[in-house]
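Here is the structure we will look at.
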Amino acid sequence: MENFIIRAYGRTELAQQYSPNIGPHAAWQKLKTWMAIHPTLMQQLTTEGYTPRQRTFTPAQVGLIVNALGEP
């Protein structure tokens, strides 16, 4: 298995890393739900400049997601 690389990812691209066996939209909905229920992740992402309309996660934001949810 490859090590996950922290870099900029499109939101659907990252979601499919976590849920490769479902469609892109469903994968994004699942990742969005996981992000929302994590106790501190959304606040950390907001501090890093994340907005809900954003289509791409920065490397710093991807790092926060991986730290909170684990590697895909």
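The values are calculated or read from the model by the stated rules, or taken from the named source; none is laboratory data. Quantities reported herein were computed from a predicted structural model and do not represent experimental measurements. Cβ placement follows ideal geometry from the backbone for every residue including glycine, while neighbour counts extend to all protein chains displayed. These accessible areas exclude ligands, DNA and RNA; they are computed on the full protein's heavy atoms, side chains included. Shrake-Rupley method; radii C 1.70, N 1.55, O 1.52, S 1.80 Å.
Checking each residue in the stretch 38-72 for being closer than 17 Å to E13 by Cβ, touching a residue at least 24 places away in the same chain (Cβ under 8 Å) and hydroxyl-bearing (S, T, Y) picks out T56, T58.
One line per residue, one yes/no per condition, for (1) surrounded by 13 or more Cβ atoms within 10 Å (Cβ to Cβ); (2) of a type in the set (V, I, T):
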position: A8; (1), (2): yes, no
position: Q16; (1), (2): yes, no
position: Q29; (1), (2): yes, no
position: I37; (1), (2): no, yes
position: G49; (1), (2): no, no
position: P52; (1), (2): no, no
position: F57; (1), (2): yes, no
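Mind checking which residues of the stretch 59-72 are open to solvent by 70 Å² or more (accessible area, probe 1.4 Å) and touching a Phe, Trp or Tyr at 6+ places or on another chain (Cβ under 9 Å)? Hit for the stretch 59-72 is E71, nothing else.
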